[in-house]
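The values are calculated or read from the model by the stated rules, or taken from the named source; none is laboratory data. Nothing here was measured: the structure is a model prediction, and the numbers come from that model. Note that we place each Cβ from the backbone using ideal geometry, even for glycine, and neighbour counts take in every protein chain shown. Keep in mind that these areas ignore ligands, DNA and RNA; they rest on the heavy atoms of the full protein, side chains included. Shrake-Rupley method; radii C 1.70, N 1.55, O 1.52, S 1.80 Å.
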Amino acid sequence: MSATRHRAVGGGVNHVLDYLRRMQAENPSFFYAIQGDNDHTGGSIFWVDATSRMNYAYFGDTVVFDTTYRTNRYRVPFASFSGLNHHGQPVLFGCALILNDSEASFAWLFQTWLHAMSDRRPISITTDPDRLIQMAVTQVLPETRLRFNRWSIFKETQEKLAHIYQSQPTFEIEFKKCVNETETINEFESSWVSLLERYFVMDNEWLQSMYNARQEWVPAYMRDIFFGDFSITERNIGLNSFFEGFVNASTTIQMLIKQYEKAVASWHEKELKSDYDSTNTSPVLKTPSPMEKQAANLYTRRIFMKFQEELVETLANPATKIDDSGTVATYRVAKFGEEHKAHTVNFTSFEMKANCSCQMFEHSGIICRHILAVFRAKNVLTLPSQYVLKRWTRNAKIGDMQDEHATELPNNSRESLTDRYNTLRQEAIKYVEEGAKSIHVYNVAMDALQEALKKVSSAKNQSPISAEDGALSNGRNQELHAAGDIETVACQSADEKEKKIRELTTELESINRRCEVYRANLLAVLRDMEEQKLKLSVKVQNARLNLRE
């Protein structure tokens, strides 16, 4: 860390630590750890709340590690782990203050984060292009596919080749086209050579270094890996989308926690609104296809819009059978007038499986227009289940937390008080989300909740305290062991069991109050709708009378 940044952080670290200690005392599922450094000036700090850990269980298949502070001269070395929820919105998986830019510090951070996430590794991770981060990811997440954020590479290329950008204004356009619009490896290789020859930059060292790292940032090399991107133009503003507008270069460490909480609250509200819109409003269908209606009922609103776009495009992308081996049929799919951009789809009727040369489903989890065109030709009227990723559906956070890509959680994941608390809290949140969807369901949920609380209180008074809970109640500390020195800050206070039940009850009451607000707002909307219907009815009657006259 630079001397300037070190002075900017200064004693503010204690302000952050006080907040983390308070949060962990209030909720045992709130986790934080400090890299071994007694004065907290050389070691990094990591933290993650219970909701983020739960979200990772649902959406942890692809991760973004944002270190914008390193390139944008931020005063605070603030980094974050994030991903995409079922609406395609940023969702948080943890935060860190990186007080020491070194391979060991990044390795410690990834190991600690992975431990907090029950050692469940993501399929893919996107970071800024950085050698230290790359080495840490290779060490801690060897099976996770690393991708460099290409928009950072575009930005750096503009700086490194400023003289070419100024003298050859078309170079930037051609460079981005070569990277973004080539769909196969051979197409990219050919386009790259042509670009370098056309602008006489065959010996440019920067471009050569970028070519050597092409497998980490050029889309053509990663189309078969899930990153959750809907198109090559997604995330074109960089990595810091979760905290964008909340944390910037002028943010001080004293301001950091408040801005962190604002960002978390803001995105939570946006997710709730998107949940409400997806559940309580119906999108406009553009075709008579049963598949479109099926998708409208399954997917969240934004994901459905993307699927609908692909489905409508099948009208202009006919599928032509070019081979049939008996078990597998091969189709050529191309848009009218763009036959040179044809894609190949292999379809197995018996298993109802298809794979396309564009690999959109593998990359984004949303089926492409080319496979849909083959389904249309084969009279497949509904989406086969293997082509509906639960992580993109309205029910992504209902039922088993493990999604299609996840590995199994350890069998003892519910043995400790902390894990039981976290599991119960997750179920309570899902209960509230379901219970708030309509007035009738809300009333039923409230009655059931009050009855459940009576049963919990009765069971609490009758059941003996286990040896584990007794030890926790006496203040036994839990220890985290990760590579590198780690100061563990996961302790349990006295009378833990009683305290957690009270906290859960308080939290549910708070959520219930919010439900009351939503209910009141909903009633107001319904009243407005009734008034509008009445006014419209009067206008229709008047119009009919006028016509009769």
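Values computed for the structure shown
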{"read-out": "Förster radius 56 Å - calculated FRET efficiency between Val312 and Ser457 (Cβ-Cβ, nearest 0.05)", "value": "0.55"}
{"read-out": "³J(HN,Hα) computed for each position of the range 264-279 - Karplus, 6.51 cos²θ - 1.76 cosθ + 1.60, integer Hz, glycine/proline x", "value": "4, 5, 4, 6, 5, 5, 5, 5, 4, 5, 5, 4, 5, 4, 5, 8"}
{"read-out": "Residues with amide H under 5 Å from that of Phe93, placed H, sequence gap 5 or more", "value": "Phe81, Ser82, Gly83"}
{"read-out": "³J(HN,Hα), Karplus 6.51/-1.76/1.60, whole Hz, each residue of the range 113-128, x for Gly, Pro", "value": "4, 5, 4, 5, 9, 6, 6, 8, 7, x, 6, 9, 9, 10, 9, 5"}
{"read-out": "Formal net charge of residues neighbouring Pro283 (Cβ-Cβ distance under 13 Å; K, R +1; D, E -1)", "value": "+3"}
{"read-out": "Computed E for Ala162/Arg22 - FRET, C-beta separation, R0 45 angstrom, nearest 0.05", "value": "0.40"}
{"read-out": "10 Å binning of all Cα-Cα separations within the range 290-392, expressed as whole percents from 0 upward", "value": "16, 51, 29, 4"}
{"read-out": "Amide H within-cut-off set for Lys353, under 5 Å, with H built and near neighbours excluded", "value": "Thr348"}
{"read-out": "Sequence-distant residues sharing a close amide H with Thr67 (under 5 Å, placed H)", "value": "Asp128"}
{"read-out": "Net charge of Cβ neighbours under 12 Å - reference Leu92; Lys, Arg +1; Asp, Glu -1", "value": "-3"}
{"read-out": "Accessible area (Å², 1.4 Å probe, nearest 10) - His370", "value": "20 Å²"}
{"read-out": "FRET efficiency, Glu181 to Asn280 (Cβ-Cβ, R0 41 Å, nearest 0.05)", "value": "0.55"}
{"read-out": "Carbon + sulfur, % of accessible area of the range 50-191 - ligands and nucleic acids excluded, 1.4 Å", "value": "45 percent"}
{"read-out": "Residue-by-residue Karplus 3J(HN,Hα) for the range 22-29, coefficients 6.51, -1.76, 1.60, Hz, glycine and proline x", "value": "5, 5, 5, 5, 7, 9, x, 7"}
{"read-out": "The range 312-376: chymotrypsin sites (Phe, Trp or Tyr not before Pro) in DSSP loop, at most 14 other beta carbons within 10 Å", "value": "Phe336, Phe350"}
{"read-out": "Alpha-carbon centroids, the range 320-383 and the range 132-164: separation in whole Å", "value": "33 Å"}
{"read-out": "Positive-end residue of Leu389, Met360, Ala377, charge dipole of the range 290-392 with Cβ unit charges", "value": "Leu389"}
{"read-out": "Ranked by how many other beta carbons lie within 10 Å on average, peptides 149-157, 269-277 from highest", "value": "149-157, 269-277"}
{"read-out": "25 Å Cα-Cα threshold exceeded, pairs from Lys341/Lys390; Lys286/Lys335; Lys293/Lys390; Lys270/Lys397", "value": "Lys341/Lys390"}
{"read-out": "Virtual spin-label span in nm between Arg120 and Met352, 7 Å along Cα→Cβ", "value": "2.8 nm"}
{"read-out": "Exposure of His163 as accessible area (Å², to 10), given a probe of 1.4 Å and all protein chains", "value": "110 Å²"}
{"read-out": "Two-site label geometry, Ile322 and Phe200: point separation in nm, points 7 Å out along Cα→Cβ", "value": "4.0 nm"}
{"read-out": "Filtered GluC sites (Glu not before Pro), the range 175-210: DSSP coil and at most 14 other beta carbons within 10 Å", "value": "Glu181"}
{"read-out": "Under 12 Å, Cβ to Cβ, from Val140 - net charge with Lys/Arg +1 and Asp/Glu -1", "value": "-2"}
{"read-out": "Cα-projected label distance for Glu339 with Asn212, points at 7 Å along beta-carbon direction, nm", "value": "4.5 nm"}
